[in-house]
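S.K.: Following this message is one structure expressed as structure tokens.
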Amino acid sequence: MGYRFSLDRGVLRAELFGRETVEETKTFFRAIVSASRESRSPCILILIRSSKPVFQVERHGLIGYFRELAVTSSPRIALLGDSRDLRLSHEYVELIARQHGLNVRSFLDETAAYHWFKDRRQRQERRSQHERRSQEARRPLQERRAREERRTAQRRNSTAD
């Protein structure tokens, strides 16, 4: 196993290659946390090559490293893998990380990841704005239903008397 870190256009690039075990993964993530604190980069690009995929992120405690990265300095973390299995693993990591409220995304290529880093608005913020708009559109419908239910209840009460 080997890894290296570099700063590229304000992004911390963390490259891992030849990883075999979960313990090696943990060693790599401890090194990323340390490098992230030093660089204070708001974005991390994690490139994994020639390595075995890891699917049990929560069971092995790896989600804690993502949480620590998000809290310390890097709210945006992009994942890239050089094989189909790694990409599937990264998509799963993205899903679990989002369930934990973390801004982790899996990408097919570096260009897409760098475009995401440059986009100042967060995808989650845009989703929540959209969700707010749809909730506002539903509010009159919900109010209408509540009024209808009150009227029905009043009719039942008046006929019961």
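The values are calculated or read from the model by the stated rules, or taken from the named source; none is laboratory data. Every value quoted in this text rests on a predicted model; they were computed, and no experiment measured them. Neighbour counts run over all protein chains shown; Cβ positions are idealised from the backbone, glycine included. The accessibility values were calculated without ligands, DNA or RNA, using every heavy atom of the protein model including side chains. Shrake-Rupley method; radii C 1.70, N 1.55, O 1.52, S 1.80 Å.
S.K.: Pick from the stretch 9-23 the residues that are surrounded by fewer than 16 Cβ atoms within 10 Å (Cβ to Cβ) and either acidic (Asp, Glu) or part of a loop (DSSP other than H, G, I, E, B) (or both): which of them is nearest to the chain's Cα centre (by Cα)?
M.R.: That would be 10.
S.K.: Which members of the stretch 63-75 meet the condition of being in contact (Cβ under 8 Å) with a residue 12 or more places away in the chain and open to solvent by 10 Å² or more (accessible area, probe 1.4 Å)?
M.R.: 63, 65, 67, 68, 70, 72, 73, 75
S.K.: Looking at the stretch 39-62, can you tell me whether even one residue there is free of Cβ contacts under 8 Å to residues at least 40 places away in the same chain, within 18 Å of residue 106 (Cβ to Cβ), in a helix (DSSP H, G or I) and under 20 Å from the mean Cα position of the chain (by Cα)?
M.R.: no
S.K.: Looking only at the stretch 40-61, count every residue that is buried (at least 19 other Cβ atoms within 10 Å of the Cβ) and either modelled with pLDDT under 90 or within 17 Å of residue 23 (Cβ to Cβ) (or both) and tell me the total.
M.R.: So the answer is 5.
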